[in-house]
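Here's the structure we're looking at; comments come further down.
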Amino acid sequence: MKVNFEKVKKLDFRSNEAYKTLRTNISFCGEDVKVIAFTSSTPNEGKSVVSLRLAEAFGEDNKKVLFIDADIRKSVLVSRYGADQEVRGMSHYLTGKASIEEVICETSIKNVDMIFTGPAAPNPSELLGNKKFETLIYEVRQAYDYIILDCPPIGSVIDAAIVAKQCDGVIIVVESDNVSYKMVQRVKSQLEKSGCRILGAVLNKVEVGGKGYGYGKYYGKYYSKYYGKYYGGYYGDDYYGKDE
């Protein structure tokens, strides 16, 4: 089954270059880093857009990618990107109502397959923590170059830390000038307890056109953080308004 997205628009030059650099930085983490979770401190920091755009960037580099929408509580992907049909998803698989093969969908994004969330579940933490989720990640590792998981904000619920246990690394999306240092540190501490490697952070929704912060200054800051931190550009709100 193929799902077409009607609202995925082409990125501008600066956004496209930022995601390419994020892609490159992740590839430099090593061949053993292929299952990557994205989370944030609060809703509306842009993690869903960043993670999907990164999956798209890997697909453009001829990598085979599986994008997993692991936000079983409140997914925004189907409505935001205009998926043209309803399909079985993660909650169907985790409750034994569908197989792995039945929930993986081909998409209109080059080289990117997807597992949608399915219907909202009353017990997402328990479902994500069960053996079936571990089995899913083990199986898809064999078939894809990268698996990208979009998780709920860890500042609100614990789901992301549960998912992170099965991942090779996690990236925290941080909205510029909106989230406190202390809150991000609490998120970092919670993720560390899961035992998952923190790859870095994406500084998101950065104003690049304002006074004293033009194109040259932005990329000077970008590349000065090349090792250890991963900063992706996110301009406006990716054409569609705020996202989780």
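Computed quantities for the displayed model
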| read-out | value |
| --- | --- |
| Debye, to nearest 20: dipole size of segment 109-151, +1 on Lys, Arg Cβ, -1 on Asp, Glu Cβ | 40 debye |
| Entries in Lys34/Lys74; Lys10/Lys47; Lys9/Lys74 that, when Cα-Cα distance is taken, lie over 20 Å | Lys34/Lys74; Lys9/Lys74 |
| Global form of segment 115-165, assessed from the alpha-carbon gyration tensor, a/c cut-off 1.5 | prolate |
| Placed amide H near Val202: partners under 5 Å, 5+ positions off or other chain | Ile172, Val173, Val174 |
| Rounded, prolate or oblate (a/c below 1.5 giving rounded, otherwise prolate when a/b exceeds b/c) for segment 121-200 by Cα gyration tensor | prolate |
| Residue exposure sequence - Met90, Met183 - by fewest surrounding Cβ within 10 Å | Met183, Met90 |
| Neighbour-count ranking [beta-carbon atoms within 10 angstrom, fewest first] of Thr42, Thr21, Thr117 | Thr42, Thr21, Thr117 |
| Segment 10-66 shape via C-alpha gyration tensor axes, a/c threshold 1.5 | oblate |
| Lys, Arg +1 and Asp, Glu -1 on Cβ, resulting dipole of segment 137-204 about Cα centre, debye, nearest 20 | 340 debye |
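Read-outs: derived from the displayed coordinates by stated rules, not from any lab. Nothing here was measured: the structure is a model prediction, and the numbers come from that model. In this analysis, Cβ positions are derived from the backbone assuming ideal geometry, glycine residues included, and neighbour counts consider all displayed protein chains.
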